[in-house]
1. Going by what's in this entry, would Gly318 be described as surrounded by fewer than 19 Cβ atoms within 10 Å (Cβ to Cβ), assigned by TED's automatic domain parsing to the domain that holds Gly400, under 26 Å from Ala342 (Cβ atoms) and touching a Gly at 6+ places or on another chain (Cβ under 8 Å)?
2. Residue by residue through the range 1-32, note down the ones that are among the charged types (D, E, K, R) and in a loop (DSSP other than H, G, I, E, B).
3. Looking only at the range 349-373, count every residue that is closer than 21 Å to Thr262 by Cα and acidic (Asp, Glu) and tell me the total.
4. Against the definition (buried (at least 16 other Cβ atoms within 10 Å of the Cβ), at pLDDT 95 or above and out of contact with any Gly (no Cβ under 8 Å at 6 or more places or on another chain)), how does Leu95 come out, yes or no?
5. Restricted to the range 206-225, and to residues that are under 18 Å from the mean Cα position of the chain (by Cα) and among the small types (Gly, Ala, Ser), which residue is farthest from His40 (Cα to Cα)?
6. Can you tell me which condition Gln68 does not meet? The list is (1) in contact with an Asp or Glu (Cβ under 9 Å, 6 or more places away or on another chain); (2) at pLDDT below 90, and all the others hold.
7. Hey, could you check the range 266-284 for residues that are assigned to a loop (DSSP other than H, G, I, E, B) and over 20 Å from the mean Cα position of the chain (by Cα) and say which is modelled with the lowest pLDDT?
Amino acid sequence: MMESSPDVAVVIVAAGSGTRLGHPTPKAFVLLSGRTLLEHAVLAALGMRHKPQVIVVVAPEHIDATRQVLAGASTPSIVVTAGASTRQGSVARGLDRVSAGVRTVLVHDAARPLAPTHLFDEVVAAVRARGRGIVPALDVADTIKRVNGHRAVVATVDRSELVAVQTPQGFPRDHLIAAYAVAHEDYTDDAAVMAAAGHPVDVIAGDPAAFKITTPADLRRAMTWDAAGDGSDIMNVDSDTFSRILNTVSADSSVSVPRVGTGVDSHAFAGEAEDVPLWVAGLHWPGHRGLSGHSDGDVAVHAICDALLAASGLGDLGSNFGTAEPQLRGAAGEYFLRETVARTRAAGYRIGNVSVQVVGNLPKVASRRVEAQELLASILGAPVNISATTTDGLGFTGRGEGIAAIATAVVCRSS
C-alpha cells in the first residue's frame with residue numbers, strides 16, 4: 001500500500017538566536033530532558049493523525065547541524081531550509097518549500113517544544129471545518145494594566161476580551177501564501193499577517209503545555225513540566241547513550257533462532273460527554289465512542305508495539321514512549337508503530353509476522369479485517385493477522401466498558 005502525499009505541512013521556525021535565554025547555544029539546540037527543543041517540536045508534529053510534511057527553518061549556519069540532529073527521524077518528509085533575519089521572513093522561506101499537494105499549513109515555534117500532538121490535530125480539524133485561519137489560545141487569568149513610558153499605571157484593561165495566543169497556528173494554504181505576498185510590515189505572528197490582509201482568524205482552546213520558552217525561568221518551568229509525567233522514558237537519554245544501547249543489542253550474536261514477544265493492552269471507553277474518536281487497528285471507526293488514554297488508545301496497535309519491543313529485547317511501550325512525553329498526548333497509534341518498527345530494525349531484527357486479537361463487543365472488527373491487515377502489514381513490512389472475540393459478558397470488555405488486545409510478534413536476526 002503506497003502512502004499518499006501529505007496534505008498538511010508544519011513549518012517549524014527555529015532560526016532565532018534566543019539571546020534572552022542566556023544560553024551559549026541557539027535556543028532550538030538547547031537540551032530539555034536529553035533532547036533539543038527542536039526535536040521535541042518535530043516529534044509532536046510527526047505524531048499527528050494526518051502525516052505532515054515538516055519544514056524546519058533554521059539559521060543558514062545551522063543547517064548541517066540541524067540535519068544531523070534530525071537524522072534519526074523515521075520519515076523522509078522533513079525539509080530543512082535556511083531562515084531570514086526576522087521570524088516573518090523565515091516563515092516566508094518555509095512556505096516556499098511547502099509541497100504542491102498541501103492544503104493546510106501550520107506554523108509552529110520550536111520555542112514551544114511541549115505543545116502536544118493533539119493540539120496540532122485540533123488546529124487542522126478546525127481549519128478544515130471552518131475554512132479560515134485558526135489559532136489556539138488561553139484565557140488571560142491575570143489582571144492586566146496599561147502603563148506609560150515611566151511604568152506608571154494608566155488604566156486597567158478588560159481581560160474578558162483578551163487571550164494569550166499560542167502556536168501551532170493553522171491556515172488554508174492559499175490564504176496564508178496570499179497574505180504573506182502582500183505583507184509590508186513585520187507582525188508578531190501569522191494570525192496578524194492574515195488579519196492585515198483581510199482574512200478572518202478564529203480562536204480555539206489552547207493547551208497550558210504549549211507555553212513559549214524565552215527566559216531561563218521558562219526553561220526551568222519546562223524541565224519541571226516535562227518531568228511531571230509518570231514512568232521512565234528511554235527517549236530522554238542522550239543520543240550517544242541510546243545508540244550504544246542499540247549497538248549492544250545488535251552485537252549480541254548468541255541468539256540465532258526466531259524470537260517471540262507478547263503484548264497486551266486495554267483501555268476503557270471515554271465518557272459519553274467526551275468527543276473522542278475511536279481508533280482500533282490503525283483505523284478510525286466513526287459512530288463509536290473512543291477510548292481513554294495518553295495517546296489515541298488504539299489497543300491493537302499498542303499491543304503490537306509491546307510485542308515487537310519485547311521480542312527485540314527493547315523493553316515495552318511505556319519505557320520507550322512513556323507518559324513523561326506530554327507532547328505525545330493524543331498521538332496516533334500509527335506513529336508509535338512506525339517508531340517501533342524503526343527501533344526493531346535498528347536493533348538488528350527483521351519482523352517475521354504479527355498476530356493480534358481484539359477483545360470486546362464493539363466495534364465489529366471482522367467487517368474491516370482485510371483493510372486493517374493491509375494497513376498494518378504495509379507499515380510492518382510483514383504479514384499481519386487480526387482476529388476478534390468477546391468474553392460472553394464477562395469482565396469489563398463483556399460489560400462494554402472498554403476494549404483489550406493481545407498480540408504476538410516473531411522477529412529474526414537480520415542477515
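1. On the way: surrounded by fewer than 19 Cβ atoms within 10 Å (Cβ to Cβ): yes; assigned by TED's automatic domain parsing to the domain that holds Gly400: yes; under 26 Å from Ala342 (Cβ atoms): yes; touching a Gly at 6+ places or on another chain (Cβ under 8 Å): yes.
Taking the combined requirement at face value, the residue satisfies it.
2. Residues of the range 1-32 among the charged types (D, E, K, R): 3, 7, 20, 27.
Result: Glu3, Asp7.
3. Adding up the residues that qualify gives 0.
4. Judged against the criteria, Leu95 is a match.
5. Across the range 206-225, the extreme among qualifying residues is Gly206.
6. Single failed check for Gln68: (1).
7. Initially, the range 266-284 is screened for residues assigned to a loop (DSSP other than H, G, I, E, B), giving 270-278, 281-282.
Checking the rest, the ones that are also over 20 Å from the mean Cα position of the chain (by Cα) come to 270-274.
Details: Ala270: 91, Gly271: 86, Glu272: 80, Ala273: 76, Glu274: 82.
Step by step, filter the range 266-284, then rank; the result is Ala273.
Here's the yes/no breakdown for (1) assigned by TED's automatic domain parsing to the domain that holds Gly318; (2) modelled with pLDDT of 90 or more:
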{"site": "Asp202", "(1), (2)": "no, yes"}
{"site": "Gly206", "(1), (2)": "no, yes"}
{"site": "Lys212", "(1), (2)": "no, yes"}
{"site": "Arg220", "(1), (2)": "no, no"}
{"site": "Ser239", "(1), (2)": "yes, no"}
{"site": "Phe242", "(1), (2)": "yes, no"}
{"site": "Ile245", "(1), (2)": "yes, no"}
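The values are calculated or read from the model by the stated rules, or taken from the named source; none is laboratory data. Since the model is a prediction, treat every value here as computed from it, not as a measurement. Note that we place each Cβ from the backbone using ideal geometry, even for glycine, and neighbour counts take in every protein chain shown.
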